[in-house]
Amino acid sequence: MKHVLCAFCDMEEDILREIFRCGREYGWLVEYSPRTIYPDWSGDGVITDYLRLEELRRIANFRNTPIVSRELPPRGNIRTVHTDTTLVAAMVINYIESRGFQNVAIAGNRKWPGELDGVAQDPGEPFEQLARERGLNLFRCYWAPNLYYNEQESYRLILETLERFFREIPKPTALFVKRRIHLNIIYRVLEKIGLKVPEEIAILCNSVSPLIAENAMVPTTYVSGEMRQVGMLLADTLRRMMDGEHLPEEPIRIAPDAIITRRSTDVFVVPHLKLKKALNFFQENAFSNIGVADGAAAAGLSTSMLNRLFRRYLHQSALDYLRELRLNRIRHLLAESDLTLTEIAAQTGYSSKIALSAAFRASDGMSPGAYRKKTRRQSEQGKFLLE
């Protein structure tokens with residue numbers, strides 16, 4: 001039996017669940033050590049998120065122990081599984097724009113520096129850059145910009161800074177919360193000063209546990225899929241290293257699969273009332289057998305006028321909007337369920353698995369089956385497949 005240490009600064013339940021599940025499958029004894037490593041710990045391998053080198057060097061026989069990290073640059077005995085923050089930022093910005101927002105905000109304790117192969121480690125950097133490129137009005141709230149990575153910021157400071165920030169920014173604004181641990185603190189401040197979610201502040205949280213998202217003060221829209229994939233790849237990468245396989249010294253990048261919409265973003269910020277009616281119709285009926293003409297009829301518009309309004313306010317056609325609603329759901333079901341393509345087609349408004357596959361391949365450049373293999377472990381093979 002191999003002995004593996006799982007040392008995490010930030011306890012992500014979905015990641016840990018996958019690591020322990022993989023550990024049982026691989027025959028590991030997994031020890032969990034929150035926020036630190038016992039001096040002189042010894043074993044066969046280590047999985048960590050944000051522990052620094054000086055802490056990892058507490059390990060006995062450090063240089064010969066395989067280590068998989070979410071942050072450290074890959075080299076020697078260290079390999080890295082990291083979120084593709086550029087894809088996260090693009091997904092979030094696209095979603096916010098699809099709701100018609102021109103005011104966007106980001107909140108967190110600080111913007112953490114550092115890159116891996118040219119990709120920022122903190123999603124705040126690409127989020128801000130993309131917001132500026134799209135011409136959106138960007139507002140930032142970093143309440144501890146000089147915070148060291150293992151320091152604890154003052155709770156009073158967080159509350160005071162957030163309250164001042166929310167009172168000053170224009171409304172409505174769509175807020176991107178970088179870390180789930182700050183989500184309910186933000187809700188506490190919004191409740192105190194009487195701001196309505198989502199009418200005044202719409203909220204989308206990065207890679208939050210569904211448990212936290214669904215049970216927040218307002219059920220919260222969140223980025224889905226990434227944490228489960230991270231857990232699988234952390235464990236699979238360590239297994240391959242401990243088996244003596246030579247792995248390239250490039251970070252393994254993880255992309256999120258979908259944004260799960262909840263009430264915290266259930267609003268459209270467009271000045272045209274009939275366009276709002278069409279948007280609401282598409283949101284409520286996207287997974288039925290409807291088309292653009294049905295949305296136009298529900299809003300009392302011609303199809304051509306509806307498309308003009310979509311392009312004017314949302315910078316895309318009505319068909320592209322409807323198609324992306326469906327594809328976002330398809331990506332989630334492919335990554336998180338064992339449903340067949342026929343079953344997924346029936347749940348997402350496509351007449352057949354052939355029609356679904358054609359639309360998916362045109363959008364994502366691969367078949368639904370290839371996407372499923374890329375984003376989740378195949379149970380019949382017992383390992384995560386990389387393409």
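Only the coordinates and a few stated rules stand behind these numbers; no lab work does. Every value quoted in this text rests on a predicted model; they were computed, and no experiment measured them. For neighbour counting, all protein chains shown are included, and Cβ atoms are generated from backbone atoms with ideal geometry for every residue, glycine included.
General remarks:
- Scaled against 2.2 N^0.38 Å for its residue count N, the alpha carbon radius of gyration of the range 170-300 is 1.41.
- Put simply, the Cα atoms of the range 143-245 extend 57, 29, 21 Å along their principal axes, the longest span coming first.
- Result for the chain in a Gaussian network model with C-alpha springs under 10 Å: among Arg75, Arg140, Arg180, the largest mean-square fluctuation is at Arg75.
- Amide hydrogen neighbours beyond the local backbone of Cys6, cut-off 5 Å, H modeled: Glu31, Tyr32, Ser33, Ile47
- Overall Cα dimensions of the range 103-162, principal axis frame, Å, largest first: 34, 31, 11
- With R₀ set to 25 Å, the beta-carbon distance separating Lys274 from Gln102 gives a calculated FRET efficiency near 0.80.
- Positive dipole terminus of the chain, leading residue within Ser288, Cys205, Ile59 (C-beta point charges): Ser288
- Remark: spin-label model distance Arg134-Ile354 equals 3.7 nm, labels positioned 7 Å along the Cα→Cβ axis.
- The chain pair-distance distribution - Cα-Cα, 10 Å bins, rounded %: 5, 21, 30, 25, 14, 4, 1, 0
- Taking Cα centre as origin and charging only the Cβ of basic (Lys, Arg, +1) and acidic (Asp, Glu, -1) residues, the dipole magnitude of the range 273-364 rounds to 480 debye.
- Rounded to 10°, Cα long-axis angle of helix 85-98 versus longest principal axis of the chain: 20 degrees
- Flagged links, alpha-carbon separation over 20 Å, of Lys178/Lys276; Lys178/Lys374; Lys353/Lys373: Lys178/Lys276; Lys178/Lys374
- Here the range 262-279 is scanned for amide nitrogen atoms under 11 Å from the site 7 Å beyond the Cα of Arg312 along Cα-to-Cβ, giving 271-275.
- Listed by chain and number, the aspartates and glutamates placed with their C-alpha closer than 16 angstrom to that of Lys171 are Glu97, Glu163, Glu191, Glu199, Glu200, Asp266; residues fewer than eight positions away on the same chain are left out.
- When the chain is treated as a Gaussian network with alpha carbon springs shorter than 10 Å, the biggest mean-square fluctuation among Asp44, Asp117, Asp294 belongs to Asp117.
- Residue-averaged 222 nm ellipticity for the chain, from DSSP H runs of 4+ at -39500 (n - 2.57), nearest 500: -13000 deg cm²/dmol
- Considering all different alpha carbon pairs of the range 273-364, the Kirkwood hydrodynamic radius works out to 13.6 Å.
- Between Glu245 and Ile193, the modelled labels are 5.0 nm apart [label points 7 Å from Cα along Cα→Cβ].
- With the highest mean first, a sort of the peptides 262-269, 232-239 on other beta-carbon atoms found within 10 angstrom per residue produces 232-239, 262-269.
- Taking 0.36 nm per residue of separation and subtracting the current Cα-Cα distance, fully stretching the chain between Lys2 and Asp44 would add 14.5 nm.
- When only the Cβ of Lys, Arg, Asp and Glu is charged (+1, +1, -1, -1), the dipole of the chain relative to its Cα centre reaches about 900 debye.
- Enclosing the Cα atoms of the range 72-145 in their convex hull gives a volume equal to 87 cubic angstrom per residue.
- The GNM of the chain, with springs linking C-alpha atoms under 10 angstrom apart, assigns the highest mean-square fluctuation among Gly118, Gly23, Gly135 to Gly118.
- Binned Cα-Cα distance frequencies in the range 136-192 - 10 Å width, integer %: 19, 59, 21, 2
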